[in-house]
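Student: Just dropping this structure here.
Bear in mind these aren't lab numbers, they're just calculated from the coordinates by the rules spelled out. Note that this is a predicted model, so its numbers are computed, not measured. Neighbour counts are summed over all protein chains in view; Cβ atoms, including those assigned to glycine, are modelled from backbone coordinates with ideal geometry.
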Amino acid sequence: MAIVDPSGVGKTLLLRAIAGLDPIQAGEIIFQRQSLSSLSMPRYRAQVFYLHQQPALLEGTVEFNLQQVYRLTLHNQKAYNQAQILSYLSSLQRDVEFLSRSVEDLSGGEVQIVACLRALQLAPQVLLLDEPTASMDEATAQQIEALIVQWQQADSLRSCIWTSHNASQLQRVTEHQLILKATP
Amino acid sequence: MDQNYIPIDNIQLALASTLILINLGLSVTLQLGLVKSLGLATLRMVVQLLLVGYILGWVFALDNPWLVLLVALVMSAIAGNASVSLTRRRFLHIYWHSLLSILASSALVTGLLVEGVLRIDPWYDPQYVIPLLGMVLGNTLTGTSLALDRFMEDLVGRRSQIESLLALGATRWEAAHETVKEALRTGMIPTISMMVVGLVSLPGMMTGQILGGVNPTDAVRYQIVIFFTISAGTALACMGIVLLAFVVLFSPDHQLRLDRLQKRES
């Protein structure tokens, strides 16, 4: 599903609210027939990932960032799978050398790639994507799109909410559109 | 009690105060513009200290446990207030949180020192309790204000890092862990460096005791005991204030609530 927000009235706020990062003033979020208020927030967020427009990485190498999430209690029964990451990277035309790069040397687009891989490797159920390819060139953006589509097709229950300024991208990757309008 | 130190009378005090003329003279010749603030600070310091001297003399003479407790409480309240006033951001009840952590930690370590180690009789003997508590409070105050300030600034500065951890399913504690650690480290730095400097400048309390005629080896023992007490008190208070701030600024729903943090109007 796409969220289209031509006038900038708050798609980011909406995504943050769905991710449970901000308290909501009214209404209720239902996930798998349960109200968000009755779910454990970290457990919910471990299935519903929010990808920030300008993701923040930890100081260190790319691989360190990918490994670090497995130290969180909710993911520590899973193990870091370098082979999987390498297959992701090869479809992005990048090799093993990318893993040892320091995050300070990455471009904005590459930071988005790392954040995206960090999320995909954990196989979430829902992805909330806030302009996930905004800093990438067109070719890389399409490769990331392909990865996300591949992730989604692996399980029919998986879904993602996508925002973008690129209308043709939204046409390609989404089936429904939700258009936000400012109330006059 | 035989008096083996030289008391300072009013004339000698006035004589010493001429030393401040050096500062004033420098400020005037170099146009540092410090005359007014320097004068004010000097006056304030003299009045405050003389007043404290009189109040303590009175407390010592009355020798009443309630009075000692009252003075201790007032001292803690001033420290709790000063600790917050040095930080750059505010949240609701920040003063109470600060007072609570400083009061609890200082009371605990000073209590242990007075009752458990020194075994003072009676326990409230103001000659020991007040100066010991004062030293613990002074250091706790520096530590907590550094730790609290660092914690709040880091939360703002590292917000997106913390939130991306939260968004990946981290608990609030996992997401804040680095920030908490950094804040505690910052709060402990003055205490740790203070223990290192012993050779460069003789610590204040030791100097005071030596001037008062105490045998240097005895004064050193007091100083060592006080160092341990101060580091325990500072560590506890920093932990207390950072954890209380953590509970306020991270909701039970594992949200970082920076909307509860306001920048102080200067």
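Student: Out of B:168, B:108, B:113, report the one residue that is touching a residue at least 40 places away in the same chain (Cβ under 8 Å) and buried (at least 21 other Cβ atoms within 10 Å of the Cβ).
Tutor: Values: B:168 fails: touching a residue at least 40 places away in the same chain (Cβ under 8 Å); B:108 fails: buried (at least 21 other Cβ atoms within 10 Å of the Cβ).
Answer to the selection: B:113.
Student: Residues that are in contact with a Lys or Arg (Cβ under 9 Å, 6 or more places away or on another chain), at least 1 per element: which helices (runs of 4 or more DSSP H) completely within the range B:1-96 meet that?
Tutor: So the answer is B:65-85.
Student: Here's another thing I want to ask about it. How many residues are over 22 Å from the mean Cα position of the chain (by Cα) and assigned to a helix (DSSP H, G or I) when one looks only at the range A:25-42?
Tutor: Total meeting the criteria: 2.
Student: Additional query: Could you list, ordered by first residue, the pairs with Cβ atoms under 8 Å in which the first is in the range A:41-68 and within 7 Å of chain B (Cβ to nearest Cβ) and the second is charged (D, E, K, R), at least 6 apart or interchain?
Tutor: A:41/B:253; A:50/A:16; A:50/A:130; A:52/A:130; A:52/B:163; A:56/B:158; A:56/B:163
Student: While we're here: Before we move on, is residue A:36 in contact (Cβ under 8 Å) with a residue 12 or more places away in the chain, of a type in the set (A, V, I, L, M, F, W, C) and within 12 Å of chain B (Cβ to nearest Cβ)?
Tutor: yes
Student: I would also like to ask the following. As an exercise: evaluate residue B:75 against (1) without any contact (Cβ under 8 Å) to a residue 40 or more places away in the chain; (2) surrounded by 14 or more Cβ atoms within 10 Å (Cβ to Cβ); (3) within 30 Å of residue B:215 (Cβ to Cβ) and give the number of the one condition it does not meet.
Tutor: Checking residue B:75 against (1) without any contact (Cβ under 8 Å) to a residue 40 or more places away in the chain; (2) surrounded by 14 or more Cβ atoms within 10 Å (Cβ to Cβ); (3) within 30 Å of residue B:215 (Cβ to Cβ), the one that fails is (1).
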